[in-house]
Every structure is written in C-alpha cells, then in structure tokens.
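The values are calculated or read from the model by the stated rules, or taken from the named source; none is laboratory data. Just so it is clear, the model here is predicted, and its values are computed rather than measured. Note that each Cβ is placed from the backbone with ideal geometry, even for glycine, and that neighbours are counted across all protein chains shown.
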Amino acid sequence: MKVLTVGGGGRELAAVDALYRSGSEVYAVMKNANPGIIRRSKAHLLCDEKDLEKVCSFAKENGVDLAYIGPEAPLEAGIVDALEAAGIRCAAPTKAAARIETSKTFMRELVEKHHIKGNLGFAHFDNAEDAARYIDTLDHEIVVKPVGLTGGKGVKVQGEHLLNREDTVAYIDEIFENNIGGAGVIIEEKAVGEEFTQMAFVDGKHVVPMPLVQDHKRAYEGDQGPNTGGMGSYSAADHLLPFVTQEERKEAISIVQAIVDAMAAEGCPYRGAMYGQFMLTRDGPKIIEINARFGDPEAMNVLSILETPFEKICLGMATGTLTDDVVFSHKATVCKYVVPRGYGVKSESGHEITVDEEAVKKAGAVAYYANVDEKNGKLVTGTSRSVGIVGIADSLEQAERNCEKALKAVKCDAMAVRHDIGTPELIQRRVDHMKQIRSA
Ligand code: AMP
Ligand code: GLY
C-alpha cells in the first residue's frame, strides 16, 4: 500500500522502518530532513507538519491509501479530520479523540465520569488566584501541569522541581502569564512509585497491547534535572518489566481498554496507537497521562521487535478490523538518545553529527535519526533529540552493552547521553524502590 507518514523524529523513523519492512511504499511529510526517513520513502515533503492543506495535497497527489501520524501537534490541528475528508483512511485519532492527550482535563474528567480505575485527585483552574487558594487547602504533595500540549516539558512536581509554596505559586503564575499550554492549569495529586509505559494498538473498540517499556524523563543521570521528552527507555524479553507483575500489567491494560470503551460511548471512538503512562504505586497502577500516539523513545523499543507487518496493523486500526495476532519477538531492548548538549534547558544546536551505521549494526543495535537536518551536505543537530540508539539482545544486560558499543559510532562535539539508562545498577534501583514502596 501507499502510506503517508507525518513526522521527522526517531519515533517516526521507527514507524517508517516498520512500514518499509512490511512492504509499504512510504510518502513522508516532516519539518526536518531526517535521512533515515528519506532513504526509506518513495517521495517526501519538507514542511510544517500542521499545514493541513500542504499535507493533504501531497497525500492526494501521490494517491496514498492510508496515513500514519507520529506527533501530537498535527493531531491537535485536525490532520486526521482533514485527511479523512479527502477520503484517506488514518491509523490515528481525530482531533476530538486526540483530546485524550491534548487536554489533560478532558482525560481526567473522562476517567472520573466512567468510574475507571487508576485516577488521581485533580482540579482544573482558569486563573492563578483560584489555583493558589486551592493548593492551600491540600495536605498532600501535588503536581502542576499546563492543561494543553508542552512537548513533555511542562510538568513540575512538588518535592522535586517545586520545593516550597513560593515555587509552586510562581510556576502557576508563569503558566498563566506565558500562556504555557494555552488552556489553564491542572493540579494533580502526586503519585509515588515507579513509572512504566503500556502502549496499545486500538481500532475504535479493540485493544492490542504492546510490550511494557520504561522511559526516563529526567535530563541527567540519576534521574536529576528537568523533565524532557524522554532520554531513553528499555523493554525486557518477557514483555514485562523487572518491577511489574503480570497482574499489574493486566490492570494497566484493562484501564486502557476502559478508556477506549468510554471514548466510544462518548461518540468519539479512538483509533491509532494509544500511550498509557502509569505510576505503579502501593495501590496499583495510577494514570499519569494518556497520549494519542506512540511514545518517543518507546516506539523505537517496540517497533524494533515487531514481527507482524506494521502495514497490516495500521490498516486494522484505521478500518476497525484489528486482530489479536500481533507478534513481538522475545528480545530485550535498550534505547539511549543522543541529544544536543543543554537539551532540557537550552540546547546547543547546529553541530555536525555523524553515525557510522555499519558499526552500529555490528554492535547489535539500530540507529534511528531524529531531530537532525541536512545543511550544506552535512548532518546537523536540531534543538530536540538527535539520534536514538537501540541495542537489541536476548537479555537486558546484553542489550545495554550493545547500545553502549553502538554509541561509540556517533560523533558530535556538543552531545549528551544518559549512560545510566538500562544498566543493571539503575534497574536494580527501580526494583528496590518498588520493593520498598510495596512494603511501606
Ligand atoms: P507527563 O508529561 O504528564 O508525562 O509528566 C512528566 C513526568 O512528571 C511524568 O513522567 C512523571 O514523572 C511526573 N508526573 C506527572 N504527573 C504526575 C503525578 N500525578 N504524580 C507524580 N508524578 C507525576
Ligand atoms: N516518552 C514520553 C512521551 O512520548 O510522551
């Protein structure tokens, strides 16, 4: 089939590669010249991914049969509604269905209204004064979130980023003054535990889960520093995580299923990849966020080991005919993102970056180009994450070693990597932390 893809990051390259492996003819739209996507596509267009007119004309000119959308911004702009109006089927949610991500208040209210497990205490505010008054009535720690999209960088947690009342009120003021996220503020109860990602393929009704993944949102080693889009992630050969039981995973999947059922009942059925971010607490999995797309970097972990043709899955999601027979190989994966130095605060972009792809392959890893661009025949870094390196092996230990070996094949004079991701030490810390929480 001729498949349109939108997005130029590592997540999108992983999807394009999975489509390419399944025999699709790819037509790619992206804002940056991602060399991995360009190499695998029949034609590509460099433009603003939210420019619905340009994207639709490109799709129509090329007679595409099906569309896959990577990032959230074009979903919020209504790209699926526009493509469907032009007769193109989409393996992604409409603007209304994407509210599960684009409005954190919509998500929490839906979960509350339908009595779905895993919700956290929350309150929505349209002005800073009411929000500040509200926090004075609480006797527990909170998390402050802009309601709308912020690229994963808008959340601040009490006890971590917000150390006292003044910090918290100042951040609430900042959100309103700078209109961050553009839709007010949501104050949530802080959940304590270990985070995990449960993603699923969804066709409006039917939920087919992917392997569990753990992302690392903090910019620096040891989980320090500001939140980022995600610095790296790992998945285990048994598709669980070392600190999550089969029962806990089942509960997370049943929450995703309940959200999909609720959306269908509300008249806006959800199609496409759905991303469930959970905090595993003493009382089981709690919902941190639900996204209307694959996670980035998590897509690179799971799509690297997807055995079922991705084109078939996308068609199933788009047409309500998804089947259960989706197979992921029983391999462990460790992904570490090479990012521009300063990423998370102020990226130093525009530096040349090179990847020796042969050496990466020899190391038992895959390189996914992300926010890089071509300038004067050279590959240069953008302000977001540059290249995802995914080590793949039978065990997590070996996958991590493969990833580290492959990272040596990436050269850039202003880059950063969280080398601690997927190491036995860090994973053991997670396991011990969860043990301590369960026994508290
Ligand atoms: P989000 O962009 O919503 O995924 O939030 C970014 C990060 O903030 C999450 O990965 C968590 O580490 C943290 N976070 C968000 N919401 C909560 C919450 N209610 N309780 C504890 N931590 C949270
Ligand atoms: N890895 C976090 C996200 O994609 O939202």
For region 223-250 the number of residues that are of a type in the set (Gly, Ala, Ser), more than 13 Å from ligand 1 (Cβ to nearest atom) and under 12 Å from residue 422 (Cα atoms) is 3
Does region 399-431 hold any residues that are surrounded by fewer than 17 Cβ atoms within 10 Å (Cβ to Cβ) and under 22 Å from residue 239 (Cβ atoms), and which are they?
-> 424, 428, 429, 431
From 228, 197, 168, which residue is of a type in the set (Val, Ile, Thr) and touching an Asp or Glu at 6+ places or on another chain (Cβ under 7 Å)?
-> 197
Tally of residues being surrounded by 15 or more Cβ atoms within 10 Å (Cβ to Cβ) and under 24 Å from the mean Cα position of the chain (by Cα) across region 125-159 | 16
Members of region 175-194 that are surrounded by 15 or more Cβ atoms within 10 Å (Cβ to Cβ) and assigned to a helix (DSSP H, G or I) | 175, 176, 180, 181
Among the residues of region 195-225, write down those that are more than 28 Å from residue 342 (Cβ to Cβ) and either part of a strand (DSSP E or B) or within 14 Å of ligand 2 (Cβ to nearest atom) (or both).
-> 196, 198, 199, 200, 201, 202, 203, 207, 208, 209, 210, 212
So is residue 334 among the β-branched types (Val, Ile, Thr), modelled with pLDDT of 95 or more, crowded, with 24+ Cβ neighbours inside 10 Å and within 14 Å of ligand 2 (Cβ to nearest atom) or not?
-> no
Give me the pairs, please: first residue somewhere in region 268-297 and of a type in the set (Asp, Glu), second residue anywhere and near ligand 1 (Cβ under 10 Å from one of its atoms) and part of a strand (DSSP E or B), beta-carbon distance under 7 Å, and either six or more positions apart or on two chains.
-> 289/277
Could you tell me whether region 36-58 includes any residue that is in a loop (DSSP other than H, G, I, E, B) and of a type in the set (A, V, I, L, M)?
-> no
Taking into account only those residues within region 56-72 that are small (Gly, Ala, Ser) and either closer than 24 Å to residue 312 by Cβ or touching a Phe, Trp or Tyr at 6+ places or on another chain (Cβ under 9 Å) (or both), which is surrounded by the fewest Cβ atoms within 10 Å (Cβ to Cβ)?
-> 63
Go through region 367-389 and give me each residue that's touching a residue at least 40 places away in the same chain (Cβ under 8 Å), among the hydrophobic types (A, V, I, L, M, F, W, C) and assigned to a strand (DSSP E or B).
-> 367, 372, 379, 387, 389
Scanning region 178-200 residue by residue, the ones that are more than 9 Å from ligand 1 (Cβ to nearest atom) and either in contact (Cβ under 8 Å) with a residue 40 or more places away in the chain or small (Gly, Ala, Ser) (or both) total 13
Are there any pairs, at least 6 apart or on different chains, whose C-beta atoms fall under 6 Å, with the first in region 250-266 and touching a residue at least 60 places away in the same chain (Cβ under 8 Å) and the second surrounded by fewer than 23 Cβ atoms within 10 Å (Cβ to Cβ) and among the hydroxyl-bearing types (Ser, Thr, Tyr), and if so, which?
-> none
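The rows are residues; the columns are (1) within 16 Å of ligand 1 (Cβ to nearest atom); (2) in contact with a strand residue (DSSP E or B) (Cβ under 7 Å, 6 or more places away or on another chain).
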{"residue": "290", "(1), (2)": "yes, yes"}
{"residue": "294", "(1), (2)": "yes, yes"}
{"residue": "306", "(1), (2)": "no, yes"}
{"residue": "309", "(1), (2)": "no, no"}
{"residue": "315", "(1), (2)": "no, yes"}
{"residue": "323", "(1), (2)": "no, no"}
{"residue": "329", "(1), (2)": "no, no"}
{"residue": "341", "(1), (2)": "no, yes"}
